[in-house]
Amino acid sequence: MLLTDATHDPALKSWVESANTPDHDFPIQNLPFARMRPAGADDEPWRIGVAIGDHVLDIKLARQQSPWGEGIDALLAPLAEGDLAAFMTLGPRAWTLVREALSMALAADSDQAPFLELCLLDPARLEYSLPCRIGDYSDFYAGIHHARTVGSLFRPDNPLLPNYPWVPIGYHGRASSVVVQGGTVRRPLGQTRGSGGDSGEPTFGPCRRLDYELELGLWIGAGNDLGERVDMEEAEKRLFGITPLNDWSARDIQAWEYQPLGPFLSKSFATFVSPWVVTFEALAPFRRPFRRAPGEPQPLPYLDSLRNRECGALDIQVEAWLQTARMKAARQPAVRLSRASVLEAAYWTPAQLVAHHTSNGCNLQVGDLLGTGTLSGPQPGQGGSLLELSGGGKAPLALPGGEQRTFLEDGDTLTLKAWCEAPGAVRIGLGAVTGTIEAAA
Ligand code: CA
């Protein structure tokens, strides 16, 4: 199954020299989108930018300054107007045509270079918004090692519930509190179990077990009508892009509130995403066969397809990094908390999440966001949350400089990163999502 084309050619170079630096997040093979404008320019309209090396190509300027091939100008119009949802609505054929046009325009031998040079912005001087309006946000639980480790904290003899190998477990999250990275997250207040345990009176106050979850967010590029099921073959075409996602979690609030209906206020205070949307097209060289480990049940037919078996899974690396306030003051760099391979971590593929989500006729809409669930590796030390890394808060992590952590403290800065690398392909980055904990107020 041929997925790659000339835009993925590892020999392809850009006239934007920094894009040719080895291991840069944004080589010409990537071409991710963000919604941006010059920082502080409140009266300037948002527009879509494309990351290329150390620069951002402003599509609004690029459309004005440079000639484009036939039909491309019309496809760029919604991007110039800052409307990624309107662009996604044009459909996969338009996505491909624009990717090809951008790739040719930014390639080393491009005639457009003298025009587009004038349209490159410095990312340090930009501000970003969400790439589009998120109508709905659902969060899955596809990280099997996370599910097993967290389950074992509560049910040592039976960590995985019987539905886990069959149902892509998920819940409906809160879309309004999904924000683009770069800011602070205020420690939430909430109700937690009191000192008397389940029979005593609970307390209300600042969260004491504030945590992150290392996830990826999937952007839906084409919706379905209410009542229409999206089968596995079609599910692939509904996925537009991917982005690192931090599902901030208040564990003490969660532990007290989650039964019987699941997490509520322990999650809805903030979810952070990176501003950059890396397209599924850019991920083509990093698609891998979907395989169940020996002894694991095969998915039910509605979650199975030939294409999914051949290339439904994604080979992505994810990492979490922490820098405490004291480390920052001492100019100590951030320390890596964990690293995991999505290929190992994810029990379900993106297409399976879409097919399952719509299997009851639920309608997805353009711009909807699906979280994968926490992506943890199989080994201790590969947990995608502090809940796992600290054994439920019982085993503090030692940090450089003598500090310890079980959960996040005020002033801590947490960064999630993701990237893809594979033989025969140029490495691409998914960017990073960063947030700093602010004291409760
Ligand atoms: Ca989550």
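Each Lys and Arg Cβ is given +1 and each Asp and Glu Cβ -1; about its Cα centre, region 137-438 then shows a dipole of about 700 debye.
Would you calculate, for the chain, the mean residue ellipticity at 222 nm contributed by helices, counting each DSSP H stretch of 4 or more residues as -39,500 (n - 2.57) and dividing by all residues, to the nearest 500? Please report the intermediate quantities before stating the final value.
Working: 13 runs with 90 residues, N = 441.
Theoretical 222 nm ellipticity from helices: -5000 deg cm²/dmol.
Footprinting exposure proxy ranking of Asp5, Asp225, Asp247, fewest other C-beta atoms within 10 angstrom first, gives Asp225, Asp5, Asp247.
Each principal axis of region 6-129 carries a Cα extent, and these read 40, 31, 24 Å when sorted largest first. Take the Cβ atoms of Asp304 and Glu409, set R0 to 60 Å, and the FRET efficiency comes out at 0.85. Footprinting exposure proxy ranking of Val433, Val426, fewest other C-beta atoms within 10 angstrom first, gives Val426, Val433. The smallest convex shape that holds all Cα atoms of region 252-338, its convex hull, gives 231 Å³ per residue. Sequentially through region 122-134, phi angles give Karplus couplings (6.51, -1.76, 1.60; θ = phi - 60°) of 8, x, 5, 9, 10, 10, 10, 10, 3, x, 6, 5, 9 Hz, Gly and Pro residues having no value and appearing as x.
The alpha-carbon of Lys328 sits under 22 angstrom from the alpha-carbons of these lysines, leaving out residues fewer than 8 places away in its chain: Lys417.
Note on region 329-431: with charges restricted to the Cβ of Lys and Arg (+1) and Asp and Glu (-1), its dipole about the Cα centre is near 240 debye. Dimensions of the chain based on its C-alpha atoms, expressed as ranges along the principal axes with the largest first, amount to 72, 54, 39 Å. A full extension of the chain between Arg186 and Tyr164 corresponds to an added length of 4.6 nm, given 0.36 nm per residue minus the alpha carbon distance. Taking amide H as placed 1.01 Å from N in the peptide plane, Leu314 has its amide H under 5 Å from the amide H of Arg288, each at least 5 places away in sequence or on another chain. Note on region 287-441: along the principal axes its Cα atoms extend 54, 40, 33 Å, ordered by decreasing extent.
Here the chain is scanned for GluC sites (Glu not before Pro) in DSSP loops (not H, G, I, E, B) that have at most 14 other Cβ atoms within 10 Å, and the longest stretch holding none of them is 229-441.
Where both residues lie in the chain, what percent of DSSP beta bridges are antiparallel, nearest 5? Antiparallel bridges make up about 90 percent of those DSSP assigns within the chain.
Between Thr21 and Ser110, what is the FRET efficiency for a Förster distance of 22 Å, r being their Cβ-Cβ separation, to the nearest 0.05? FRET efficiency, Thr21 to Ser110: 0.75.
Every number in this text was worked out from the coordinates using simple rules, so none of it is lab data. Only a predicted model underlies this, so the values are computations on that prediction, with no experimental measurement involved. A quick note on method: Cβ atoms are made from the backbone with ideal geometry, for glycine too, and the neighbour counts reach across all protein chains shown.
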